[in-house]
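Visitor: Submitted below is the structure of interest, expressed as structure tokens.
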Amino acid sequence: MQQRQSAQARVLMQVVMKFIAKHWLWLCAILFVGAAWFGTLCFFSHVPKDAAQHGDYFALRGTFGDMFGAANCLFSAIIVIGVAYGIVQQRQEIADARQAADDARFMTQFHYLLSKIDDHRQKMKFQKWTGREAITAIIPRLNDEDARNHASLYVMNLRNILWMISKQPKADQMEYANVLTGCLSLPEFELLIKFAQTPTNTEFRNLVETYYPSSGQRMAL
């Protein structure tokens, strides 16, 4: 029981420390403003017993109080800046959440298409061959319409993955392209290159050349 309470206390302390580390500037500003107003209240609430004998006491206090007009403007400006900062932070958090959702959606689709490629590869049949052997047998027969039709759906999935990768941030594109490459055997990669050579597949060719720049030397692309 004591260990659980101790663990809960540590978790609560970590949450508080993270909050303070994230918003320490505004916490300091709030403390400063609160201390300034409290000090002013204490100063003006103190009235000497012989204040009635000093007719100009409250007039001097009034004049002194007017000096805080500039401070009021400063505090108002701080509040406005704080509100603007909060709006900017909120917009940034919304943008981050939207980006996280987009990343999660992409990863779901990406892994789904990878699983479809693996499933299609296992089910592929061409004449007497199946699986990767069928892909290997199709490559030298791509001029044959039947062979090309057997491979077209498989290659279309590869093209869709490359197109999805091209819509991601540039810093991540090569990483995803390398993941795709790791899922392909050499004959499958060669099949990808062969289909990209088709004159009507200009967009596909550009994608392949973007993520596999050495393909021109390796496959005479």
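Visitor: Touching a residue at least 40 places away in the same chain (Cβ under 8 Å), assigned to a helix (DSSP H, G or I) and assigned by TED's automatic domain parsing to the domain that holds ASN206: is that true of ILE78 in this structure? Reasoning before the result, please.
Guide: On the way: touching a residue at least 40 places away in the same chain (Cβ under 8 Å): yes; assigned to a helix (DSSP H, G or I): yes; assigned by TED's automatic domain parsing to the domain that holds ASN206: no.
In short, no.
Visitor: Mind telling me which of the residues GLN90, GLN173, GLN168 ends up being exposed (fewer than 11 other Cβ atoms within 10 Å of the Cβ) and within 30 Å of the chain's Cα centre (by Cα)?
Guide: Details: GLN173 fails: exposed (fewer than 11 other Cβ atoms within 10 Å of the Cβ); GLN168 fails: exposed (fewer than 11 other Cβ atoms within 10 Å of the Cβ).
Matching residue, one of GLN90, GLN173, GLN168: GLN90.
Visitor: Kindly indicate whether any position in segment 206-220 is at pLDDT 85 or above, in a helix (DSSP H, G or I) and among the charged types (D, E, K, R).
Guide: no
Visitor: Take the conditions more than 21 Å from GLU133 (Cβ to Cβ) and in contact with a Leu (Cβ under 6 Å, 6 or more places away or on another chain) and apply them to LEU162. Does it pass?
Guide: yes
Visitor: Look at HIS120 and say whether it is touching a strand residue (DSSP E or B) at 6+ places or on another chain (Cβ under 9 Å), at pLDDT below 85 and of a type outside the set (Lys, Arg). Lay out the reasoning, then the answer.
Guide: On the way: touching a strand residue (DSSP E or B) at 6+ places or on another chain (Cβ under 9 Å): no; at pLDDT below 85: yes; of a type outside the set (Lys, Arg): yes.
Judged against the criteria, HIS120 is not a match.
Visitor: So THR130 fits all but one of (1) surrounded by 11 or more Cβ atoms within 10 Å (Cβ to Cβ); (2) closer than 23 Å to ASN160 by Cβ; what number is the exception?
Guide: It is condition (2) that THR130 fails.
Visitor: Can you list residue pairs whose Cβ atoms sit under 6 Å apart, with the first residue in segment 113-140 being closer than 15 Å to LEU192 by Cβ and the second being surrounded by fewer than 13 Cβ atoms within 10 Å (Cβ to Cβ)? Count only pairs 6 or more apart in sequence or on different chains.
Guide: Correct list of pairs: ARG132/SER185.
Visitor: So THR108 ticks every box in (1) of a type outside the set (D, E, K, R); (2) surrounded by 15 or more Cβ atoms within 10 Å (Cβ to Cβ); (3) part of a helix (DSSP H, G or I) but one. Which box is left unticked?
Guide: (2)
The values are calculated or read from the model by the stated rules, or taken from the named source; none is laboratory data. Please read these numbers as outputs of a predicted model, since none were measured by experiment. So basically every Cβ, Gly included, is an ideal-geometry build from the backbone, and we count neighbours across all protein chains shown.
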